[in-house]
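Step one of this worksheet: look at the structure below.
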Amino acid sequence: MDYQDYYQEWKKEYEKSLNAPMPWIGMYVAAASLVCSLAMAADIIHGIRRRKIWFPCKFFTMNATSLAILAVAMKLPVDLTTPMLTHLDKDAKITSEVFMIIVMGNFLISFASRSNDQSFMNIVALGILVVTIVVDVGIQLHTELRYYFLFIFSPKFYIFSMLMLLVTLSSLALTNPTTKRYMQLKYNELHETACEGGKLEEAGNLTHQKLKEVVEKYWVMAETGSPQFVMARLVTSAMSGAICSVTAIPLIIGDILILRGINTIDGPKSIYLWSTTWIFAIQSIGMVLGIIAPICRWFTAVSINCNNVFTNHHHIEFKLVENFWIQRLVEWKKIPLTLPIWGMKCKKVIWNLKLLILNLCIGVQIGIVVASKLVQLISIIIALPFFSCFYYCKRMKEDPTSNSSASANNRSLEPKNSSPELDL
């Protein structure tokens, strides 16, 4: 055996020893994906039990632990060195990318109840992970190492969707402190209104009807004052739900077809071997579970604004851009520089650069809000006939005789000291 043959034999043995642990690394990725999927499923079960169809984030929140687990689950899209030439490998990669989009959609309201510093650090960590995925996928596209068997959308579309969700999450993180201050002011105003009928401390002096009305008012204040509910009903929920639906639903249908015929796929074996099937299956199931929360939050935002169409509050909902979206950025523009910089010219250059960056951020923020409102407006136009039928059937159920004059007479016979009906 000459030196060349010996070298080739040694190279094959060395590559074989390197590839030996790859199936177990794949199972590690599948386990991380399973943890994320189970956490999203736990939030769905919790929301159903609490009858909160906007599904608050209790188990699957954006923190250091969940981001670390998510980074492990994204092993396939960022793998630049392992040759993955089978159809299943390539479909597992694109499934991982869409799984990341679904996870970001579930993260949308998770930082609403956290401090400003925690929200900032989590957004930075998520941004680093997203940028890493985007850069690695871009390198694979540039070197033509990727060809998708499920060519439903261009891979660039998934990259764009991921970046759009990252910008949307950053937009919400910027408005979070302003929203909390605004909600505190509104709570104080509503607290004064609720106290007009009597205080809960004076329950002994209240009649049964008055006590019921006061408790209902405080219940509405507690439910609608939740920071996560405030985030869930914002227009960005419509944007997040639309992006997750457009990217995930076609791929889920394709994944189901792949899973049904997975044993009939011929060709070269994956380096991850049987673990690729587990990653593909678990992340596909995770997409099915994870798409529920973004779609339901989209439905919540649309239903609340559809309800406002039938009331006198629709002009409030359809303002172009409310002040709280850009208030924090405007405040930052007014903060003077505290850097130890010598020289007026240097300070002026840095100040102008700061204003340029903040003006760019304000423009991006306004663009996100306008795009989200456009998506919500289109959703309302589509859903308005269904909600009109719903409210009509509800009125018919409450008044089967449809006798408007009789119902008006009944309302006129109500006691004058009774509080008006609450718009829950």
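The values are calculated or read from the model by the stated rules, or taken from the named source; none is laboratory data. Remember, predicted model here, so these are calculated numbers, not experimental data. Ideal geometry is used to build each Cβ from the backbone, glycine not excepted, and the neighbour counts take in all protein chains shown. To get the accessible areas, we keep the full protein, side chains included, count just its heavy atoms, and leave off ligands, DNA and RNA. Shrake-Rupley method; radii C 1.70, N 1.55, O 1.52, S 1.80 Å.
Things to note:
- Some residue of the stretch 123-135 being open to solvent by 10 Å² or more (accessible area, probe 1.4 Å), closer than 26 Å to ALA242 by Cα and either of a type in the set (Lys, Arg) or modelled with pLDDT under 90 (or both): no
- Checking each residue in the stretch 43-64 for being open to solvent by less than 40 Å² (accessible area, probe 1.4 Å) and not acidic (Asp, Glu) picks out ILE44, HIS46, GLY47, TRP54, PHE55, PRO56, CYS57, PHE60, THR61, MET62.
- Residue in the stretch 28-42 that is open to solvent by 10 Å² or more (accessible area, probe 1.4 Å), among the hydroxyl-bearing types (Ser, Thr, Tyr) and either at pLDDT 90 or above or over 17 Å from the mean Cα position of the chain (by Cα) (or both) present: yes
- Annotation: of all residues in the stretch 136-147 being at pLDDT below 85 and in contact with a Pro (Cβ under 9 Å, 6 or more places away or on another chain), the one that is least open to solvent (accessible area, probe 1.4 Å) is GLN140.
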